[in-house]
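Please read the structure below before turning to the comments.
The values are calculated or read from the model by the stated rules, or taken from the named source; none is laboratory data. Not measured: the values here are computed from a predicted model. Here the Cβ positions follow ideal geometry from the backbone for every residue, glycine too, while neighbour counts run over all protein chains shown.
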Amino acid sequence: MKKLSNVLIFGLLLISSFVVLACPSSANSSPTPAPKARIIGIEFHPDTVQEISEAVLGDEVALLFQLEYSNGKMVDVHPLIDKKVEFFVSEGTDIAEINEATVKFKKAGKFKLEVIYDDKFFNKITNTINSAPDGIYLVSIDFATPPSSTVRVGSTITLPQIKAVYSNGSEQTCAPVYSVNNSSLASLNGKDLEGIAVGDVTVTATYTDDEITKTVESIISIIPATAPVLTSITLSTSADTVDEDKTLTLTTTATYDDGSTKPVNPTYSLDKPSLGSFTNGVFKPASVTKNELVKITAVYVEESIETTAEKTITIINNISKTLVKIEVNNPPSSVNVGNTLSLPSAITTYSDNTTETITPHYTSSNSNIASISGKVLTGVSAGTVSVTASYEHEGITKTTSFDVTVKDSNSGGDGDVGFNFGDPNSGGNNGDSGDGGIEFDFNN
């Protein structure tokens, strides 16, 4: 019987309508077209019917159908193209199994296969699948070793042996018949395949044992007789730097002795393996605590010729640094009432051990003693205040404080001289009374 591999899978054909000219009733009348042919039924394709009738256990048959029209035409229809076609096994589901547009017979017995078109037209086919042959029988064949995937124009390769697998699990080499689907691209002489023109061909091996036929196929590419020789590769990247939380696309181009080029997929490696990885030509860096310089190496092999290329990039540490502390440069300790002084800058320290000179925000614990506007502190009255310097970075605020004493400019102290002029019209001690009293107070 015909096997599935030899069945022609029909494509969807255009359904033609037929117009019949009506006889005019008068010389001035226009012809009236006949109604379009309409679908009146669906049938199993004759090839499908024949193959199902000849099927035995283990066979697989392509399911093809035909639409019947009211004008007598039969039009082929493929179930995977025309979605109005529905088909299923209604009886013997353990006998027949549908896979896309094929039915496979996995057990001996009777089954019923039904088809419906557009929920209107129905048909069915019933058949009995014969049991497997008695004793040991052929189950499948395969290449003993994979055949070459290429052959040059004008060159010849010998196809590998075929092994036959039997129902008892045994295997043996066999002598199949080889065929090629396009003799303009390749020719066969027994097991020898010769390349004729550039293109792809399908080689089929067919073997029959005790009336059971099995096939196996392989696609072979016919390539130019003289292929260009690889001379070098070039590695390029989408950028020379990459943030640690981003990726970098790599492109490698091969150059040949005839000047031609093409993109290739080499093997990539890193001089510092812990700092990144490669997936399908994309570099993903690891997290770094500082900017890191790394070297990427690409290695490509073709026809036993190995070429390499290198590219150096920088992985950027872009994780935000954290503010750790703030320190004021030489904080002042005192100021006189009525005087001002400029508050100093401060130094901030971060989690990456870097520092920065900044202008902090200053506040006074008591503005009645000392007031602050920006960086300027003004002594208001005698006393001591706590001055706080604060700075915010990335949502983190750090502060530091120091004391400033505001001194009364009229108060005594070491080396101070006080003059007390009493009221000349009154008397008393210490210039508080007595006519014209004058007091000189010299402190130690």
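Residue pairs, Cβ under 6 Å, 6 or more apart or interchain, first in region 226-239 and in contact (Cβ under 8 Å) with a residue 12 or more places away in the chain, second assigned to a loop (DSSP other than H, G, I, E, B) and of a type in the set (Gly, Ala, Ser). List them.
Qualifying pairs under 6 Å: Pro228/Ser260.
Select from region 329-356 the residues that are within 44 Å of the chain's Cα centre (by Cα) and loosely packed, with under 15 Cβ neighbours inside 10 Å and write down the one among them that is modelled with the lowest pLDDT.
Taking the candidates together, the pick is Asp352.
Kindly indicate whether any position in region 170-179 is surrounded by 15 or more Cβ atoms within 10 Å (Cβ to Cβ), of a type in the set (Phe, Trp, Tyr) and in contact with a Leu (Cβ under 7 Å, 6 or more places away or on another chain).
Yes, region 170-179 contains at least one residue that is surrounded by 15 or more Cβ atoms within 10 Å (Cβ to Cβ), of a type in the set (Phe, Trp, Tyr) and in contact with a Leu (Cβ under 7 Å, 6 or more places away or on another chain).
Would you say Tyr268 is more than 21 Å from Asn317 (Cβ to Cβ), within 19 Å of the chain's Cα centre (by Cα) and surrounded by 15 or more Cβ atoms within 10 Å (Cβ to Cβ)?
Yes; evaluated as a whole, the condition is true for this residue.
Just to be sure, is Thr208 modelled with pLDDT of 90 or more, within 30 Å of Ala164 (Cα to Cα) and part of a strand (DSSP E or B)?
It is true that Thr208 is modelled with pLDDT of 90 or more, within 30 Å of Ala164 (Cα to Cα) and part of a strand (DSSP E or B).
So, restricting to strands (runs of 3 or more DSSP E) that lie completely within region 21-77, which ones have at least 3 residues that are of a type outside the set (D, E, K, R) and modelled with pLDDT of 90 or more?
Ranges flagged: 39-44, 65-69.
Can you report the number of residues in region 210-225 which are of a type outside the set (Ser, Thr, Tyr), more than 42 Å from the chain's Cα centre (by Cα) and closer than 18 Å to Glu60 by Cα?
2
Over 23 Å from Thr253 (Cα atoms), within 27 Å of the chain's Cα centre (by Cα), assigned to a strand (DSSP E or B) and not charged (D, E, K, R): which single residue out of Ile326, Ile315 fits that description?
Ile315
Can you tell me which residues in region 245-262 are out of contact with any Leu (no Cβ under 9 Å at 6 or more places or on another chain) and either of a type in the set (Gly, Ala, Ser) or closer than 25 Å to Ile315 by Cα (or both)?
Asp245, Lys246, Thr247, Leu248, Thr249, Gly259, Ser260
Across region 98-116, what is the number of residues that are closer than 12 Å to Leu57 by Cα and assigned to a strand (DSSP E or B)?
Here the count works out to 5.
Going by what's in this entry, would Asn329 be described as in the same structural domain as Ser401 (by TED's automatic domain parsing) and touching a strand residue (DSSP E or B) at 6+ places or on another chain (Cβ under 6 Å)?
No; evaluated as a whole, the condition is false for this residue.
Restricting to region 174-203, name every residue that is within 17 Å of Ile220 (Cβ to Cβ), assigned to a loop (DSSP other than H, G, I, E, B) and of a type in the set (A, V, I, L, M).
Listed by number, the residues that qualify are Leu185, Ile196, Ala197, Val198.
For Val301, which of the numbered conditions (1) more than 30 Å from Lys375 (Cα to Cα); (2) assigned by TED's automatic domain parsing to the domain that holds Asn368 fails to hold?
Condition not satisfied by Val301: (2).
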